[in-house]
Amino acid sequence: QVQVVESGGGLVQPGGSLRLSCVASGSILSIYAMGWYRQAPGKQRELVATITSGGSTNYAVSVKGRFTISRDNAKNTMVLQMNSLKPEDTAVYYCNARGRSLIPTGEFDSFGQGTQVTVSS
């Protein structure tokens, strides 16, 4: 079993910054990619950013230039630095990790429980 836990959400004013963290734990053999997704009320979950084990990144157009994703492969952790936040960034943010587990043997695709980010004055 692989568990994924997010932290760092909260309330911030427009133009402010927040830093989200994620850690994956359990019987992990390797992690192919980690990413952040978000879901606003009444909307479908959408991709925010992803990062591979090699460091290749991908961002949603709406956050490019404002958000930065990074990871520490040795610690199975990931960070999303969010700057210049806008009210439309308000959502529950979910961490995702995909890879191979040792016990049970096979691939995993795990999401965390989510952390609320609210951008409001």
Furthest towards positive pole of dipole, 48, 22, 32, structure part the stretch 16-74, Cβ charges: 48
Share of carbon and sulfur in the accessible heavy-atom surface of the chain [1.4 Å probe, %]: 49 percent
Rounded to whole Hz, the Karplus (6.51, -1.76, 1.60) HN-Hα couplings of the stretch 24-40, x for glycine and proline: 9, 9, x, 7, 9, 8, 7, 10, 6, 8, 10, x, 10, 10, 9, 9, 8
Amide H contacts under 5 Å for residue 53, placed H, 5+ residues apart: none
Highest to lowest packing among 92-103, 51-62, scored as the average C-beta count within 10 Å: 92-103, 51-62
Amide H partners (placed H, <5 Å) of residue 85, local residues excluded: 15, 16
Magnitude of the charge dipole, the stretch 1-79, Cβ model with Lys/Arg +1 and Asp/Glu -1, debye to 20: 180 debye
Pair residue 3, residue 52: separation of 7 Å Cα→Cβ label points (nm): 3.1 nm
Placed amide H near residue 62: partners under 5 Å, 5+ positions off or other chain: none
Candidates 18, 29, 85: whichever shows maximal mean-square fluctuation once the chain is modelled as a Gaussian network with Cα springs under 10 Å: 29
For the chain, built as a Gaussian network whose Cα springs stay under 10 Å, the top-fluctuating residue of 87, 14, 41: 41
Max mean-square fluctuation residue, GNM over the chain, Cα-Cα springs under 10 Å, options 89, 72, 109: 72
Computed lengthening from residue 72 to residue 25, 0.36 nm per intervening residue step minus Cα-Cα distance: 15.6 nm
Karplus (6.51, -1.76, 1.60) ³J(HN,Hα), θ = phi - 60°, over the stretch 92-98, in Hz, Gly and Pro reported as x: 8, 9, 10, 8, 10, 9, 10
³J(HN,Hα), Karplus 6.51/-1.76/1.60, whole Hz, each residue of the stretch 75-90, x for Gly, Pro: 9, 6, 10, 8, 10, 10, 8, 10, 10, 6, 5, 10, x, 6, 7, 4
The chain shape via C-alpha gyration tensor axes, a/c threshold 1.5: prolate
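The values are calculated or read from the model by the stated rules, or taken from the named source; none is laboratory data. Predicted, not measured: the structure shown is a model, and the values here were computed from it. When we count neighbours, we look across all protein chains shown, and the Cβ atoms used for this are built from the backbone with ideal geometry, even at glycine. Each accessible area value is taken on the protein alone, full model and side chains, heavy atoms only, with ligands, DNA and RNA left out. Shrake-Rupley method; radii C 1.70, N 1.55, O 1.52, S 1.80 Å.
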